[in-house]
Every structure is written in C-alpha cells, then in structure tokens.
Amino acid sequence: MNSQGGTSDPQLQQFIEIESQKQRFQQLVHQMTEVCWEKCVDKPGPKLDSRTEICFVNCVERFIDTSQFILNRLEQTQRSRGSFSESMAE
C-alpha cells in the first residue's frame, strides 16, 4: 500500500476507478429517474401518454444539462484554486 492508503497496482487502481465511475453513473440514473418520475407521472398506467413522455424527455435533458453545468463549474473552481495555491507557494 502507498502512503494514501491505496494500492500501487495500476491495473487494480484502474479497475477501482472504473467501478467507482459505474457506481456514480448508476446513482445519477437512479436520482434522475426518481426526480423525473415525481415530476411527470400523475398516476401510473399501462402506457405513457404523450404529455408524460414529453415531460420525461424534457426532465432528463434538464437534469443532464444541470449536472454537466455543475461538474464544469466545480472543475473551474478547482483549477482556479489550484493556480491560486501555486502562486501563493512561489
């Protein structure tokens, strides 16, 4: 094990990262399904009507857009903090 409590095996590290990404994706899909279901489905039936289907499509698109926006914003924040920290160290 290395000093960060991880492993030095690159294949194992890659496997763990891929599995973590899969888990995060599954959680995101679950959350999106829950949010859009609550927003769009008045009463469950054997078939989705066109209004409900359109609502689902719009909800999923907004959810993805919002998630992407948040991720981009977090990346920008981390980069700006990193460059600030580097300049402070000089």
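Report yes if some residue within segment 82-90 is part of a helix (DSSP H, G or I), modelled with pLDDT of 85 or more, open to solvent by less than 100 Å² (accessible area, probe 1.4 Å) and not aromatic (Phe, Trp, Tyr); otherwise report no. Among the residues of segment 82-90, not one is part of a helix (DSSP H, G or I), modelled with pLDDT of 85 or more, open to solvent by less than 100 Å² (accessible area, probe 1.4 Å) and not aromatic (Phe, Trp, Tyr), which makes the answer no.
Of all residues in segment 17-29, none are open to solvent by less than 100 Å² (accessible area, probe 1.4 Å), of a type in the set (D, E, K, R) and in a loop (DSSP other than H, G, I, E, B). Exactly one residue among Cys59, Cys40 is modelled with pLDDT of 90 or more and touching a Ser or Thr at 6+ places or on another chain (Cβ under 6 Å), and that residue is Cys40.
The values are calculated or read from the model by the stated rules, or taken from the named source; none is laboratory data. None of these values were measured; they are calculated from a predicted model. All Cβ positions, even for glycine, are placed from backbone atoms using ideal geometry, and neighbour counts span all protein chains on display. Note: areas computed on protein heavy atoms with side chains; ligands, DNA, RNA excluded. Shrake-Rupley method; radii C 1.70, N 1.55, O 1.52, S 1.80 Å.
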